[in-house]
Amino acid sequence: MKKYLLLVLALFYVNVFNAYAIEKEDIPHLAGLGVLVYDGPYKGRDTQVAPAPIICWENDRFFVRELKGGVILYETEEVEFDAFLKPRLSGYDNEDSNDLDGMDDRDYSLDGGLQFTWDIPVMGNLELGTSVAGDLLSEYKGMEIESTLSKLFDFTPVFVRLGIGVSWQSESLVDYYYGVKSTEVTATRSEYSPNSAVNGNIALDVYLALSEEWLVVSRVKCDFLNNEIKDSPIVDEDYTITTLLGVTRMF
């Protein structure tokens, strides 16, 4: 239940600033409500569905973006360097499925890190972002490096953003969430100690402007799992899918 609660409390950022081609001082704030659907990789675990507040806020110094809240450390027209915090929504309760019975719970955590973003001027609406984050609560005691390339397509009043990315997850992160300790072994579940993993992902965001104030937002993201994760005895999927659909108001 705590995973559902965390999903309910999660803040989703919608990156529509470039879609409206507005100056930073004119950036609108967004607030709305959506439905979040997450189909994870763990054996026997049901698809998770929860309401998700959609909040977007930014000024010259602070921001809330894509589950991240942070501080802008350096900024020009083309590059930005930030420090951020974000929740890590991985993990499970052993009561989530019969296949996880006998496993210790794997808890969510809070990550902190640095992020560099480059708006590539010669490509037009093409953005490259790279981040490094580590575990601040010492749950998984590891780190993750992510890099994403995305492009916005303007079909006013519809805007489409396509992104592809890759992430490296440290051995301790992968082992915590997908490993099986000797004390968790059963007749049908063997001990498993994975190494670090490199995962790919692809995301599609679609925004429909209903008016100058109202916006329908949607996102589908698919994460393709490395063999170090797929080979885990508690995993039965090659990928995870996250879907968001909601309505927001700009103010």
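The values are calculated or read from the model by the stated rules, or taken from the named source; none is laboratory data. No experiment lies behind these values; they were computed from the predicted model shown. Cβ atoms come from the backbone with ideal geometry, glycine included; neighbour counts cover every protein chain shown.
The table below lists the values:
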{"item": "Neighbours by Cβ (under 9 Å, 6+ apart or cross-chain): first from segment 80-98, under 14 Å from A133 (Cα atoms); second among the acidic types (D, E) and modelled with pLDDT under 95", "result": "F81/E75; D82/E75; K86/E66"}
{"item": "Index of the failed condition, I229 passing every other in (1) at pLDDT 95 or above; (2) part of a strand (DSSP E or B); (3) surrounded by 17 or more Cβ atoms within 10 Å (Cβ to Cβ); (4) not aromatic (F, W, Y)", "result": "(2)"}
{"item": "Residues of segment 39-55 that turn out to be surrounded by fewer than 18 Cβ atoms within 10 Å (Cβ to Cβ), part of a strand (DSSP E or B) and in contact with a Ser or Thr (Cβ under 6 Å, 6 or more places away or on another chain), as a count", "result": "1"}
{"item": "Matching entry among L126, L137, L114 (being farther than 22 Å from Y239 by Cβ and in contact with a Ser or Thr (Cβ under 6 Å, 6 or more places away or on another chain))", "result": "L137"}
{"item": "Considering residues of segment 97-143 that are among the polar types (S, T, N, Q) and under 17 Å from the mean Cα position of the chain (by Cα) only, the residue surrounded by the most Cβ atoms within 10 Å (Cβ to Cβ)", "result": "S109"}
{"item": "Matching residues in segment 111-152 - criterion: being over 21 Å from F81 (Cβ atoms), free of Cβ contacts under 8 Å to residues at least 60 places away in the same chain and assigned to a strand (DSSP E or B)", "result": "D135, K151"}
{"item": "Count of residues meeting criterion [more than 30 Å from Y42 (Cβ to Cβ) and buried (at least 16 other Cβ atoms within 10 Å of the Cβ)] in segment 71-96", "result": "3"}
{"item": "So Y176, is it outside any strand (DSSP E or B) and either out of contact with any strand residue (DSSP E or B) (no Cβ under 7 Å at 6 or more places or on another chain) or crowded, with 19+ Cβ neighbours inside 10 Å (or both)", "result": "yes"}
{"item": "All positions within segment 72-96 that are more than 22 Å from the chain's Cα centre (by Cα) and at pLDDT below 95", "result": "E75, T76, E77, E78, N94, E95"}
{"item": "Flag if V206 is more than 30 Å from G102 (Cβ to Cβ) and out of contact with any helix residue (DSSP H, G or I) (no Cβ under 6 Å at 6 or more places or on another chain)", "result": "yes"}
{"item": "Total residues in segment 56-68, condition closer than 22 Å to A203 by Cβ and either outside any strand (DSSP E or B) or modelled with pLDDT of 90 or more (or both)", "result": "2"}
{"item": "Filtered residues of segment 150-173 (kept if touching a Gly at 6+ places or on another chain (Cβ under 8 Å) and not hydroxyl-bearing (S, T, Y))", "result": "K151, I164, G165, V166, Q169, E171, L173"}
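Condition check ((1) touching a residue at least 12 places away in the same chain (Cβ under 8 Å); (2) assigned to a loop (DSSP other than H, G, I, E, B); (3) surrounded by fewer than 14 Cβ atoms within 10 Å (Cβ to Cβ)) across all residues:
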position: P194; (1), (2), (3): yes, yes, no
position: N201; (1), (2), (3): yes, no, no
position: V206; (1), (2), (3): yes, no, no
position: S211; (1), (2), (3): no, yes, yes
position: C222; (1), (2), (3): yes, no, no
position: E237; (1), (2), (3): yes, yes, no
position: T242; (1), (2), (3): yes, no, no
